[in-house]
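Student: This structure is in structure tokens; I'll ask about it shortly.
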């Protein structure tokens, strides 16, 4: 009985080791492809909010909110772009947002790059309510009735982006 128990444990251990090695090999092949696809999606969202722009990454200031995942400067002076990720209380995944901020510090364009809620909060029209808002006026945009958590998370993420813009722009 003891020999059979040891044999079963040894077989299961070998199976686990083989599966772990196969997963590691698979990861080594797929992780660069996944990273490249993510970067291509970010670049596409940058072009969506500032068409024809050329972008350079900006180091995020220390203490930046975690909703701001990346920040870019448009090299010809059209403004900045914040890449945002936020989650609302009842979310099935992150809400991805790319927001352009013009040289006056106002939101000029928004692209929602991912949204996993079952309830739509007007993602095709609601973001337009933020066009022209600044860090001082972003709080004045009403939440979307029926999707208060999602629209509040959206507003808070844009407020974070505008705060980072102020910090970055102050360093120019």
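Student: Specify the residue with the greatest mean-square fluctuation among 114, 76, 54, computed from a Gaussian network of the chain linking alpha-carbon atoms under 10 Å apart.
Tutor: 76
Student: With everything on Cα atoms, drop me the angle between helix 2-49 and the longest principal axis of the chain, reported from 0 to 90° to the nearest 10.
Tutor: With rounding to tens, the tilt is 20 degrees.
Student: Between 116, 71, 29, where does the largest GNM mean-square fluctuation fall for the chain, given springs only between Cα atoms within less than 10 Å?
Tutor: 29
Student: Which residue fluctuates most in the GNM of the chain (Cα springs below 10 Å): 112, 15, 34?
Tutor: Among 112, 15, 34, the largest GNM mean-square fluctuation belongs to 15.
Student: A further question on this structure: Exposure proxy check: 73, 7, 155 ranked by fewest other beta carbons within 10 Å?
Tutor: The order, fewest Cβ neighbours first, is 7, 73, 155.
Student: Extension gain residue 20-residue 6, at 0.36 nm per residue separation less the Cα-Cα distance, in nm?
Tutor: So the chain would gain 2.9 nm between residue 20 and residue 6.
Student: For the chain, what does -39500 (n - 2.57) per DSSP helix run (n ≥ 4), summed and divided by total residues, give at 222 nm, in deg cm²/dmol to the nearest 500?
Tutor: -15000 deg cm²/dmol
Each value in this text was obtained by applying a stated rule to the coordinates, not by laboratory testing. Quantities reported herein were computed from a predicted structural model and do not represent experimental measurements. Quick reminder, even Gly has a Cβ in these numbers, built from the backbone with ideal geometry, and neighbours come from all protein chains shown.
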